[in-house]
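Novice: Quick one: the structure is below, and I'll ask about it shortly.
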Amino acid sequence: MNSLPTGTVTFLFTDIEGSTKLAQEHPDKWESLRERHHAILKSAIESHNGYIFQIIGDAFCAAFHTAGDALRAAVKSQVDLHHENWDDAPIKVRMGIHTGKAEIKDDGQYQGYISLSRVQRLMSAGHGGQVLMSLATQELVHDGLPEGVELRDMGEWQLKDLIRPMHIYQLVIPELPADFSPLRSTLAVISPDDQGASPLERIVRGKLVGRERELAEANLCWQRTIAGEGQALLISGEPGVGKTRFTRELLTLAISSGAIVLSGECYAEGGAPYAPIAQIIQDVFSQFPTLPDTLPTYILADLIALAPVLRARYADVQPNPLMDNQTEQERIHDSLIELCTRVSLRTPLVLFLDDAHWADPGTLSLLRHLARRSRAALQKTRLRLLITMTYREVELDEARALNEILLDLNRERLATRIKLTRLNKERTRDMLTVMFAEETTPDFLEGIYRETEGNPFFIEEVCKALIEAGKLSYSDGRWHHPSMDEVEIPQSLRLAIQTRVSRLQTHAQEALTLAAIIGREFDFETLLRSSDQDEDRLIESLEAAARSQLIEEVKGKGGEKYSFVHALIPTTLYEGISGRRRRRAHERVANAIEALYPNDFEGLAHHFAAAEDAGKAIEYSRRAAERAESLYSYDEAIRHLRIALDFVESHQPELRCELLEQLAGDLNVIHAGSEAIPLYQEAITLRHGSDQGSHETIRLYRKIIEAAYRMNRRADVQRLEPVAQEIKEAGLKLVEDQPPNAETVHLLAAISRHAWLNRTPQDWDSAERYARRAVEIAEQLGTPIEISDALSALNSVYGARGLFRERVDVELRRLELSRDARFTDTHKRINILYEAGATLVYVGEYAKAMPHLLEAEKLALQIQDLDQQLTVLRVQAHCLYQMDQWDRVIKIEEKWRALEKRYPNFFKVVSASCFQVALNASVHARRGEMEQAAALREESRAIMVGTDGTEEQFARDNYY
Amino acid sequence: MAEGEFALVRKYLEIALNKMASWVGEHDLYAMLADAAAQQRDESALQHYAPLAEELAARYDHKLYQAIAHRAWGVAHWLTGQHTESETLLNKALELFQQLDTRWQIGRTLFELGELALSRSENTAAHEHFSRALDAFEEIGALPDAARARQKLAAV
């Protein structure tokens, strides 16, 4: 019986408990521990005729023809795992066994969503060392249990995301632990006879009702994803409408078809830039521990930059060399894409971002990039990736970054949108019927529907409030509904929440309010340190809140963490705190975080700002801004710097100047020069009133000029032209009497560029005058960086005047300067080598260009700058083609193909390859290899037209 | 290259003229347009593009494109029956290509010289040119051009 079972199949799913923590605590041993675990499982399963059809990280999915074999494999595995000597890192595995219908699809995967999701949920409910079994399997095995093995009836449990409760049994294996904590993530279905259960515990929560149509749509999206068509799925709706719940249903579906789900959460109180992405990366590293070893070092370095918590584990991985902002940001984005691609080649992948309206712009921009690439990659790689985001429609006005990204995704048809609306009356009745496990009365339905208007979370909270107020009671095995004329239903969701919280004891209310100051998710240590309550009292408070279903413990995140069950709960509590009290609470939380997590700059900036502690708010906002800048998350940096500026007082002009310059610099990077210029102007005004030297002022003048010619919008350029002119005049006047200095050179070079960049008509005479003056002063100074900058400005003039031979001479001079030890920027040096090569190519000096281009390629390879590597290869190929050195042209294709193989989704590869492939088509045609030539030419066309290009672009880049 | 294909090449190159990438100059495009016109024996296109290609190649002191422009003019003169001018220009082109050691271009220029000699019924000279062209094509592995040269040699 070696073939994959089909029809009625018994599934055994296993998972190591706390594997993330174990891997982090024992990084050296982890690989060996995993190997031993895998060997034990494999041996036990295969020796009992089992078929391992999937291994996801540490989790095994096995199928058996008979339930008895599955049972014996589970027993053998647990016994062997128990007796294995794990030293100080014991591996405990939870297991689930269920028998149900499942068929094999054409692609060899199981089709049988219900059976697979049941076994998955069953396994997830258990603890390490525990084997859970469904009733269906129990009926097949109870007469043939191995010697000494018993079955313990655990009763009926409502497993997360399953519509019907499951009757669960636990295997009791001789000499192995048999007593475990209550099942996880479950709600026991309370028997009508169980007198100990509270009415609140009796209601069944979390079931999805009335979303069949939307779920079918989401399922379709998922089916397309697993067929290799990368998708983005956007789920929107008002607060409380059930977006997260709905998405969980989809995620269960994905998991049951073998997908990996990686989640990132976003919070109203913000967080570090790319925090949700960091969570996702950590998850991948934990689920695929060997994957990081297969990544090129520079990709690993980028991933560590996004998820700094991994730094300790990969201490020997050096950060990548700094390059220009845009290139580096793109490379970091591409590194994440590479990671996702590699995972999706192993198994379908879902990236889930909950509450995306609170996501930082960097995270959103990265996901947009990923959505675009997954579509572009369709030509070459079948990327099985679904990006799922939930967001509130009502917050869109304030969530500018999300709004922009949604518009892009829609415009580019990269996403499917599902808008969840409120339940109608019939669906509200269905929901009440499910919650109370009995038919509801028309009067009760009418009253609930009238007040809640079908918002599911509101419905649930109102029912809980009524239960807690004793208006809705349970006795004699049934629910007793009040007359709706007699009860007061909270008029809003917020009031319903407030009503419920107010029923807790005062200390629990205080603890919850303080927790709401921390945020949607909070850890026990921070709360304890911020609170007046002692540990025991605080535990009691949190237990009471958990019993009231206002908070829940968050599993698998390390430490004791809690989360409010819905984002509206902390928001409501927060809004209910008066200003002074709120400030004090933030101060306490800030001090607690400062002591416990001193590197949580974003959290500290947030809380100290809310506490109105100016000094610390400025300090931590600057640090948070610097961290954001280091990750190229400029929107976040700008936000932090604006907060810092708000706290600067009038007697701190120097500090204000520094912040203004930093903020304007970030605005400049994102091409918001029109916003940057007034900030620079303000800084100049402040400098005039201080004793600062003129070099700082010259620098600020130069930055204004640079901002002016870097602006993207024509209207901004025109509007700010008088300012730029005024600054130019003032700057020229200021440098008139200055002895030669570096700032003057850079200002003159900037003024030279300003004379033609972004201008109609271009004033080349002025450009040449200022460039020559800059060169003259730079030569007096004799510093290579200044001379190179001035010459670069002059070279633009030569190019415009058609003085190409002169341009070659200047580039060769710059090349010489770049060999000076003071020239430390490798990226710039590669650029100069490339420019030297390219200018030589321009005048047909192909043989002279090649050594520079080869050196540039070597350096680009050293610093892993893929972009420059490809640019240089392209010009090399052009050179060799013109020299009729066809074999060498083909060799360059081999280099490029190797890069493509390593980074299949690197967009720049695609773009460069269009030219490269067309060139090779021409070489093959000249050699008479017409079939190859035609195929390459078609490939080139498909690359350009199939990605973001047009036929025209194809024509432009492929005139060969 | 068939008539239709040349039209396509011209169409692409003329689009390219309006949408040049930063590292592609107009001298690149006019050199190729003139070269394509010569290959197609398109007299009016040659009259249009050869002067432009020649002027830009001279302005940039671009040896390869100067040679291509000379060859294009050589073909243009041949088509209008000015055989002496044609021979002078083709030889100038050949000299430049030889300096640059661009084998395929050398072969193509020798081929044009062979054609010119044929049309002047100078069979010995034609044979010599086609033979040298064949050597150049074979050396670089340009099989279609080598086949054309062999055909011509057989005809001579």
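Novice: Filter segment A:919-935 down to the residues that are surrounded by fewer than 22 Cβ atoms within 10 Å (Cβ to Cβ) and under 23 Å from A:Leu899 (Cβ atoms), then identify the one that is farthest from the other protein chains (Cβ to nearest Cβ).
Specialist: A:Ala935
Novice: Something else: When the residues of segment A:822-852 are narrowed to those that are away from chain B (no Cβ under 13 Å) and within 16 Å of A:Leu870 (Cβ to Cβ), which ends up most open to solvent (accessible area, probe 1.4 Å)?
Specialist: A:Asn831
Novice: Would you pick out the residues in segment A:652-677 that are part of a helix (DSSP H, G or I), under 22 Å from A:Glu636 (Cα atoms) and open to solvent by 60 Å² or more (accessible area, probe 1.4 Å)?
Specialist: A:Arg656, A:Glu658, A:Glu675
Novice: Moving on to the next point. Could you say whether any residue in segment A:790-799 is within 12 Å of another protein chain (Cβ to nearest Cβ), at pLDDT below 90 and either within 42 Å of the chain's Cα centre (by Cα) or closer than 24 Å to B:Asp28 by Cα (or both)?
Specialist: Yes - at least one qualifying residue is present in segment A:790-799.
Novice: Of the residues A:Val343, A:Val350, which is in contact (Cβ under 8 Å) with a residue 12 or more places away in the chain and more than 30 Å from A:Gly240 (Cβ to Cβ)?
Specialist: Step by step, each of A:Val343, A:Val350 is checked, and only A:Val343 is in contact (Cβ under 8 Å) with a residue 12 or more places away in the chain and more than 30 Å from A:Gly240 (Cβ to Cβ).
Novice: Taking segment A:853-903 only, how many residues are charged (D, E, K, R), within 14 Å of chain B (Cβ to nearest Cβ) and in a helix (DSSP H, G or I)?
Specialist: Of the residues in segment A:853-903, 3 are charged (D, E, K, R), within 14 Å of chain B (Cβ to nearest Cβ) and in a helix (DSSP H, G or I).
Novice: State which residue is nearest to A:Lys848 (Cα to Cα) when the search covers only segment B:55-65 and only residues that are under 15 Å from the mean Cα position of the chain (by Cα) and open to solvent by less than 40 Å² (accessible area, probe 1.4 Å).
Specialist: In this case the residue turns out to be B:Leu64.
Per-residue answers, yes or no, for (1) modelled with pLDDT of 95 or more; (2) in contact with a Ser or Thr (Cβ under 6 Å, 6 or more places away or on another chain); (3) within 14 Å of another protein chain (Cβ to nearest Cβ):
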position	(1), (2), (3)
B:Trp78	yes, yes, no
B:Gln82	yes, no, no
B:Glu87	yes, no, no
B:Lys92	yes, no, no
B:Leu96	yes, no, yes
B:Trp104	yes, no, yes
B:Thr109	yes, no, yes
B:Glu112	yes, no, no
B:His129	yes, no, no
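Novice: Do we have any residue at all in segment A:130-142 that's modelled with pLDDT under 70, buried (at least 16 other Cβ atoms within 10 Å of the Cβ) and over 17 Å from A:Ala73 (Cα atoms)?
Specialist: no
Novice: Any residue at all in segment B:133-142 that's within 11 Å of another protein chain (Cβ to nearest Cβ), small (Gly, Ala, Ser), buried (at least 22 other Cβ atoms within 10 Å of the Cβ) and not in a helix (DSSP H, G or I)?
Specialist: yes
Novice: Scan segment A:234-246 and tell me whether some residue there is modelled with pLDDT under 85 and not acidic (Asp, Glu).
Specialist: no
Novice: With respect to A:Asn741, is the statement that it is within 25 Å of A:Arg772 (Cα to Cα) and surrounded by fewer than 19 Cβ atoms within 10 Å (Cβ to Cβ) true?
Specialist: Taking the combined requirement at face value, the residue satisfies it.
Novice: Only residues that are in a helix (DSSP H, G or I) and more than 43 Å from the chain's Cα centre (by Cα): list them for segment A:843-852, please.
Specialist: A:Tyr846, A:Ala847, A:Lys848
Novice: Can you name the number of the only condition in (1) open to solvent by 40 Å² or more (accessible area, probe 1.4 Å); (2) at positive phi; (3) within 14 Å of another protein chain (Cβ to nearest Cβ) that A:Asn758 fails?
Specialist: Among (1) open to solvent by 40 Å² or more (accessible area, probe 1.4 Å); (2) at positive phi; (3) within 14 Å of another protein chain (Cβ to nearest Cβ), the lone unmet condition for A:Asn758 is (3).
Novice: While we're on this one: Looking only at helices (runs of 4 or more DSSP H) that lie completely in segment B:1-64, which have at least 1 residues being modelled with pLDDT of 85 or more and within 9 Å of chain A (Cβ to nearest Cβ)?
Specialist: Answer list for segment B:1-64: B:26-39, B:43-59.
Novice: One residue is enough: does segment A:259-268 have a residue meeting the conditions part of a loop (DSSP other than H, G, I, E, B), open to solvent by 40 Å² or more (accessible area, probe 1.4 Å), in contact with an Asp or Glu (Cβ under 9 Å, 6 or more places away or on another chain) and at pLDDT below 80?
Specialist: yes
Novice: Let me ask something else. For A:His607, indicate whether it is in a loop (DSSP other than H, G, I, E, B) and closer than 30 Å to A:Arg500 by Cα.
Specialist: Criteria not met by A:His607.
Novice: Filter segment A:282-316 down to the residues that are within 17 Å of the chain's Cα centre (by Cα), at pLDDT 85 or above and open to solvent by less than 50 Å² (accessible area, probe 1.4 Å) and list them by number.
Specialist: If the condition is that a residue be within 17 Å of the chain's Cα centre (by Cα), at pLDDT 85 or above and open to solvent by less than 50 Å² (accessible area, probe 1.4 Å), then A:Val284, A:Phe285, A:Ile299, A:Leu300, A:Ala301, A:Asp302, A:Leu303, A:Ile304, A:Ala305, A:Leu306, A:Ala307, A:Leu310 are the ones that fit.
Novice: Failed condition for B:Ala155, given (1) open to solvent by 20 Å² or more (accessible area, probe 1.4 Å); (2) among the hydrophobic types (A, V, I, L, M, F, W, C); (3) at pLDDT 95 or above, with all others met?
Specialist: Every listed condition holds for B:Ala155 apart from (3).
The values are calculated or read from the model by the stated rules, or taken from the named source; none is laboratory data. Note that the coordinates shown come from a computational prediction; the quantities given were computed from them, not determined experimentally. Heads up, the Cβs are rebuilt from the backbone with ideal geometry, glycines too, and the neighbour counts pull from every protein chain shown. Note: areas computed on protein heavy atoms with side chains; ligands, DNA, RNA excluded. Shrake-Rupley method; radii C 1.70, N 1.55, O 1.52, S 1.80 Å.
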